[in-house]
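Step one of this worksheet: look at the structure below.
The values are calculated or read from the model by the stated rules, or taken from the named source; none is laboratory data. As the structure is a prediction and not an experimental result, all values here were calculated from the model. Don't worry about glycine lacking a Cβ; one is built from the backbone with ideal geometry, like all the others, and counts go over all protein chains shown. Ligands, DNA and RNA are excluded from the accessible area calculation, which covers all protein heavy atoms including side chains. Shrake-Rupley method; radii C 1.70, N 1.55, O 1.52, S 1.80 Å.
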Amino acid sequence: MDRSDLLDRCYRHRRRLAARRESGKGMTLRPQDPRAIALSTLVAWTTLWIVLAGNAPLWRELQVRGLLEAKSGWLLAGTLAGMLAAGLFALLSLLAWRPVLKPTLVLLLFSSALAAHFMWTYHIVIDSSMAANTLQTDWHEVRALLSPRLFAVVLLTGALPSWPVWRLPVARRPWQRQALRNAIGALGGLAVLGGLLLLSFQPLASTMRNHKDLRYLMNPFNTLYAAGQAAYSGKRTQADVARLGLDARVAPPAAGAKPRLLLLVLGETGRSANFGINGYARETTPELARAGVATFRNAWSCGTSTAASVPCMFSNLGRAGFSARERDSENLLDVLQHAGLAVLWIDNQPGGCKGVCARIPTADTSGARDPRFCARGECHDEILLAGLEERIAALPEARRRLGVVVVLHQMGSHGPDYAQRSPPAFKRFMPECASSHLPDCSREGLRNAYDNTIAYTDHVLGSAIGWLRQRADYDGALLYVADHGESLGENNLYLHGLPYALAPDVQKHVPWITWLSPSFQQRTGVTLPCLQRQADLRVTHDHLFHSVLGLMQVATSAYRLPLDAYAGCGPH
């Protein structure tokens, strides 16, 4: 068959097809599956499931607070459910396209199930700080949170409804018609939302004003909003970091004098009230008591989570300024390094330094294989002192002559698996709860497990002080400050991370402990007896930046004397 015959046959075939279409006998689309449902129906059923099952913590909280006791309370709950459903239906209607809707719904079902589990179990709320914690969580922390109950909840409230969502066929429509239906669905949802808001504005506004934390329980909007905020905050890059303290200087030691060495121990999840030296009924800190340390019993954190507190406490901005910042800046460690000091960060927490140590030398002990301190893929905090002398000796000699600051970032009392944070030799309070599902623990067992972590921290700090006393080549000092506190079942709250304005004091009240060698006291004029007399002085993480600069006698325009917690006992 030559080319002309082939073209002729193609032409005649096209003529026949055109004729058949004109006579109504043209080709038809593949018939719809009789089980096919509209995309809007799939959206509606998913919305209903999430509002009812995914918001179980919200409905429980309304009941616990007595908001459902009167008839008006049930009306409020119904209105709130209707508003959540209308808002979610409007949002998902915009995504009601065959290629993207099912993956979106399945992801939303699983994320809602996970959020509901943690809100229900630990009485936490979901905000931007919690989202940031989640994004920075490592495998060790995830493993501690895994439990049979978690798998059961995800299976029943996430996987089970996701199966029909994924398997049910959906109707095919021309994109113009689908776009119109999506627009109608979104506008209709917004109209219902607006109508319910107008009808119930007064009782709703009163409830939200008196119970502000309820907004952080509204699943999945709490998660979506928090994730968006965390993602926006995460857009800051190292290239955007503003320089700070470039004028920092430290005077070299006088002839015959020794350089200063400060061990800055960054505690994890330390409750001030559980430290014996702060008045706790239990003797959790005997080594610190024997060492004659000074403690600030009225110290308060910058945040209620590691991700929030650590960058804030090393900043010069203070809590209010740090929260309102538009751009990141260098921090305390950068200023110390600008001054010419040798600076080192040693981390025993897989979560890392949250960007604080990005521009200084670092070491990581969390993955070490030292059989003395490490087991089951985790190292106890004594590993921070192993090989410390060699690590310091490896720092530049010219900097060491001016002074050394070493940050030791503890695993500390990190929950929920408190029992794993202390070695067997330091479990002096028994029986202790060994479960990571804290609501299953007795109050006494949970308290024992946590107090054992404080007793072990006491030993680590006591050992660090003993190590400093043996150093004849430095004037030594130790400063211990925890990043945040912890809830241990008070008012059915566990762990930490609540929004700062809503968090109980136990999540914000932290230990601040100081030890200074006699030669360090003589050189700086800051004495332990003077500090001990100021034990009730109110200090916050806002003071840390300036207090460390003061102890190390760093001169810089970034230093603020009123925020130096040690200035009242110094020569200023």
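Residues in region 518-561 that are open to solvent by 60 Å² or more (accessible area, probe 1.4 Å) and touching a helix residue (DSSP H, G or I) at 6+ places or on another chain (Cβ under 8 Å): LEU537, GLN553, ARG560, LEU561.
Taking region 323-349 as the range and being under 24 Å from the mean Cα position of the chain (by Cα), within 20 Å of THR556 (Cβ to Cβ) and of a type outside the set (A, V, I, L, M, F, W, C) as the test, the residues that pass are ARG325, ARG327, ASP328, SER329, GLU330, ASN331, ASP334.
If I filter region 350-372 for residues that are buried (at least 19 other Cβ atoms within 10 Å of the Cβ), of a type outside the set (Val, Ile, Thr), in a loop (DSSP other than H, G, I, E, B) and over 22 Å from the mean Cα position of the chain (by Cα), do I get at least one hit? No, there is no match, as no residue in region 350-372 is buried (at least 19 other Cβ atoms within 10 Å of the Cβ), of a type outside the set (Val, Ile, Thr), in a loop (DSSP other than H, G, I, E, B) and over 22 Å from the mean Cα position of the chain (by Cα).
Note on region 397-427: among residues that are out of contact with any strand residue (DSSP E or B) (no Cβ under 6 Å at 6 or more places or on another chain) and within 20 Å of ALA339 (Cβ to Cβ), the one that is surrounded by the most Cβ atoms within 10 Å (Cβ to Cβ) is ARG401. Among the residues of region 59-103, those identified as surrounded by 16 or more Cβ atoms within 10 Å (Cβ to Cβ) and of a type in the set (S, T, N, Q) are THR79, SER93.
Could you list, ordered by first residue, the pairs with Cβ atoms under 9 Å in which the first is in region 60-73 and closer than 20 Å to ASN492 by Cβ and the second is polar (S, T, N, Q), at least 6 apart or interchain? Filtered contacts from region 60-73: LEU62/THR207; VAL64/ASN492; LEU67/THR207; GLU69/GLN63.
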